[in-house]
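Read the structure below first, then the notes.
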């Protein structure tokens with residue numbers, strides 16, 4: 001327990017501190033959610049361009065075409081992909097909030113001493 005109490009609440013990374021000193025903030029995405037990462041869309045764009053122009057199937061040419069495709073990515077491409085990734089995050093957040101609002105009333109809390117039968121069951125004996 002002592003070790004747990006002495007551990008920092010949040011992980012601190014040297015890279016984050018170096019970036020912050022230079023006026024940048026490192027943003028970490030949740031693992032296993034590549035749809036939130038704009039670079040996945042950019043990478044798909046690059047992978048789509050290379051085969052269109054590849055007619056030799058030589059590694060040297062594929063590498064050259066990959067560099068050309070990477071160099072052809074524009075600021076506008078990045079902005080569009082970031083907007084799209086942010087819109088997905090917003091949509092999924094709103095869906096989750098809506099889902100929580102629907103499911104919350106369904107959750108039952110069973111207290112100790114509660115039973116399946118109610119007092120109404122015993123009233124039927126008087127009939």
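What follows is calculated from the coordinates using simple rules that are stated; it is not laboratory data. The model shown is predicted, which means the values in this text are computed figures rather than measured ones. When we count neighbours, we look across all protein chains shown, and the Cβ atoms used for this are built from the backbone with ideal geometry, even at glycine.
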(message) At 1.002 mPa s and 20 °C, plugging the Kirkwood radius over alpha-carbon pairs of segment 1-105 into Stokes-Einstein gives what diffusion coefficient in µm²/s?
(response) 120 µm²/s
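Subtracting the Cα-Cα distance from 0.36 nm times the residue separation, let me have the gained length for residue 75 to residue 19 in nm, one decimal.
Computed gain between residue 75 and residue 19 is 18.0 nm.
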(message) Can you order the peptides 11-22, 83-94 by their average number of other Cβ atoms within 10 Å per residue, highest first?
(response) 83-94, 11-22
